[in-house]
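Heads up: the structure comes next, in structure tokens.
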């Protein structure tokens, strides 16, 4: 298993970095659309759709919707990001109330609708951030990775109080706090680098804390769906690593929310101070 994980990571990591930071415009949109479409294929299984033909039809419908959004320019619109914000509030309620509120989302149609407001805004968020340059896409990727690392080490060292034992027994409140501390330091470093000033730096730290918390929710949501379906991984598309959703569950929540706050707070209030891109 370890050998397979290493082999997969050896080609997956550089491919992901090249795709996210080496592509722009339509090529980037197509690359991220492929990731989302693969995630949608897995989501149909999480939603309880078992017939392969129906799953293909649902994924094709999402791909068609994404193509229409690209051609119409809606891929850079803010409304899908607001859809994500509302949708993740609903997801938060369902995760917190699991399993008591299960009847509200367990129908296949509702789980498919959930996937729409999780996956589609994530794709939009990717494109909004890449269109602004590479730096803020890099920041939110580092944010999620830093949160995971901080949570892992803090949880192992101090973790006692379970965060959501019925959804993901391994996560602790101490781990969440460790992730928040780590990402706050990351935000501070970025605020100094920009520079955003005191007000802009404080805004970035607050935004980072919110996005860190919702990235945890992204992980918990997928865990809840897998627990209900009684499966360990979303698929076996990535040998040794599970499925695509297993790798991007935190990003599905973090990317659209950060993109929304980037547009509505950082750009709206601190645009003259922002670095708009990296030489990639």
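No other residue among 58, 20, 62 is on the phi < 0 side of the Ramachandran plot, modelled with pLDDT under 95 and surrounded by 15 or more Cβ atoms within 10 Å (Cβ to Cβ) apart from 20.
Residues in region 229-249 that are closer than 19 Å to residue 108 by Cα and either surrounded by 17 or more Cβ atoms within 10 Å (Cβ to Cβ) or under 15 Å from the mean Cα position of the chain (by Cα) (or both): 234, 235, 245. Exactly one residue out of 147, 154 is more than 18 Å from residue 205 (Cβ to Cβ) and part of a helix (DSSP H, G or I): that is 154. Looking across region 106-127, not a single residue is surrounded by 22 or more Cβ atoms within 10 Å (Cβ to Cβ) and over 14 Å from residue 36 (Cβ atoms). Within region 86-93, not a single residue is farther than 21 Å from residue 215 by Cα, touching a helix residue (DSSP H, G or I) at 6+ places or on another chain (Cβ under 6 Å), modelled with pLDDT of 95 or more and surrounded by 15 or more Cβ atoms within 10 Å (Cβ to Cβ). Only one entry in 132, 184 is in contact with a helix residue (DSSP H, G or I) (Cβ under 8 Å, 6 or more places away or on another chain), under 22 Å from residue 260 (Cα atoms) and free of Cβ contacts under 8 Å to residues at least 40 places away in the same chain, namely 184.
The values are calculated or read from the model by the stated rules, or taken from the named source; none is laboratory data. Computed from a prediction, not measured in an experiment: that's the story for all the values here. Using ideal geometry, Cβ is built from the backbone for each residue, glycine included, and neighbour counts are taken over all protein chains shown.
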